[in-house]
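Notes follow the structure.
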Amino acid sequence: MQGTLASCILLATGLCAMPDAMAQGGAPWIHDPSTLAYCDGKWYTFGTGGGGLISADGWHWQGGAIRPGGGAAPDVVKIGNRYLVSYSGTGGGLGGGHNGRILTMWTKSLDPTSALCHYTDALEVIASDGDEDNDAIDPGLLLDPVTGRLWVSYGTYFGHIRLVELDKETGARKDGTPVTDIAIDCEATDLIYRNGWYYLLGTHGTCCDGVNSTYNIIVGRSRQVQGPYLDNVDRSMLQGGGKMVIHAGDRKTGPGHFGRTIIDEGVEVMSCHYEADYDQSGRSVLGIRPLLWTNDWPTAGDRLREGSYYLESQRHGYALELSVDFVRQQVARQRHWGIDPNETIKPLPLQSLADVQSTWPTGPTGIRMGDYMFRPHQQWVITAVPEAGGYLSNPYFKITISGTNRALAISEDCEVISVPEYTGGDQQLWRIEQCTDGSFRIMPKRLPDAPTDNTEYVLYAAGDSTPILAKWDFKTDNAKWQLRPASR
């Protein structure tokens, strides 16, 4: 008996220690990551100390990226057919000083195996003397999509965050441009532009203390790139203001070093590092989360959780379901008049899978949309399939009817169907991404006979009852879905 109990305890301990299927794949260990950059079919991010991570699919990350110069907190931006990399040397209180330097260098490729991966000599563009009200460290690059001008923000808690314009041809400081103070009480800043607003993302709190780090990311916005940057209650970031974007959660502490990546219209992600991941021995890891926008303010979305859901079309609110006969529950209708106050109230069971499964077809079955009724043919389980690869923010998923192995799939004619058994084929795997408005787009990994993974066609409501595949269009609710926790 004792041996059995001990085995159970060991089993339970082992289960608790198992890696999370939804954890960022590979070996995503990095500190102070740059904004994600795409080059020749792969994703790259660079970190403090030189080097960085590479991913072929956006989900599994490994070391191997090359960035000469060492230093700290790099950033990268593509300008034309070249990549500008900026990083900081010394400063940050290292060695007791704040005499930091911001440097830039160019390369035509980020792929270390490419003949075009050759970095120019580093060019110093700004420096701090250790005594002034600034520490030249932690650069964040912005190529303004409106004006075409190039800017770098930099600084730490030691004084002000500053902004200066760079020459986008040389990467040097542009002649005659002033230095502007834009914030205090943060570091590791990044600038982005969206919908007429410039946003200053800053990292607030304490770093470099593992699970005790209090890092979080805040934001202010301005109509002008040089500020003033105000938060959601009109506090200036020059006075310590800032609206929260992301803080500790999901067993990870200390998010910092924001980066924004636009995947498609209405689909964006943010990158950062977490100072400590409780499920990765407390290591600093790369984090990628959906980026949501509400009233023109950014916030981090939650990573998609495995679990039971009903899939609600945003077009009308109907639920995705198997095309099977409706089976009535044999429950007496409760009268709404003449209620006996002494009658015992008791909960009713929901319809079970065993009540209806024998009436379902055994082969491939159509899919439709209908009123949500808690019924088994409307209950879906979303399960990660990390061995099938992934994309920025998630691995691929299978979507099956709860209690069965019946899977949502795409037929050879590109129709939306269910198949009796999940077999792991690409037409049974799904890419599920949260959009900037909080809805989701759902797309098959690959279409039949297609040579590459699908990035265009999504699950789409052609009418109130007919799901099809159609090209993604963020402007229509036909292309959007809500994932609602299933009530069983």
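Quick notes on this one:
- Of all residues in the stretch 89-121, those satisfying the criterion of being more than 30 Å from the chain's Cα centre (by Cα), under 26 Å from THR203 (Cα atoms) and assigned to a loop (DSSP other than H, G, I, E, B) are THR90, GLY91, GLY93, GLY97, HIS98, ASN99, GLY100.
- Residue list for the stretch 52-77, filter: crowded, with 19+ Cβ neighbours inside 10 Å and over 18 Å from the mean Cα position of the chain (by Cα): GLY52, ALA65, ARG67, GLY71, ALA72, ALA73, PRO74, ASP75, VAL76, VAL77
- Any hit, the stretch 233-245, residues being in a helix (DSSP H, G or I), in the same structural domain as TRP59 (by TED's automatic domain parsing), in contact with a Cys (Cβ under 8 Å, 6 or more places away or on another chain) and of a type in the set (A, V, I, L, M): yes
- The residues on offer are ILE382, ILE410, ILE399, and the sole one that is among the aliphatic types (A, V, I, L, M), buried (at least 19 other Cβ atoms within 10 Å of the Cβ) and either assigned by TED's automatic domain parsing to the domain that holds VAL269 or within 30 Å of THR45 (Cα to Cα) (or both) is ILE382.
- Candidate set: the stretch 138-154, residues that are part of a loop (DSSP other than H, G, I, E, B) and within 26 Å of the chain's Cα centre (by Cα); chosen: the one farthest from GLY47 (Cα to Cα): VAL146
- Scanning the stretch 123-137 for residues that are surrounded by fewer than 19 Cβ atoms within 10 Å (Cβ to Cβ), of a type outside the set (D, E, K, R) and outside any strand (DSSP E or B) turns up just one, GLY130.
- GLY287 being surrounded by 23 or more Cβ atoms within 10 Å (Cβ to Cβ) and touching a Ser or Thr at 6+ places or on another chain (Cβ under 8 Å): yes
- Residues of the stretch 155-184 classified as assigned to a loop (DSSP other than H, G, I, E, B) and either more than 31 Å from the chain's Cα centre (by Cα) or surrounded by fewer than 23 Cβ atoms within 10 Å (Cβ to Cβ) (or both), total: 16
- The set of residues in the stretch 395-407 being of a type in the set (Ser, Thr, Tyr) and free of Cβ contacts under 8 Å to residues at least 60 places away in the same chain consists of TYR396, THR400, THR404.
The values are calculated or read from the model by the stated rules, or taken from the named source; none is laboratory data. Source: prediction; values computed, not measured. Using ideal geometry, Cβ is built from the backbone for each residue, glycine included, and neighbour counts are taken over all protein chains shown.
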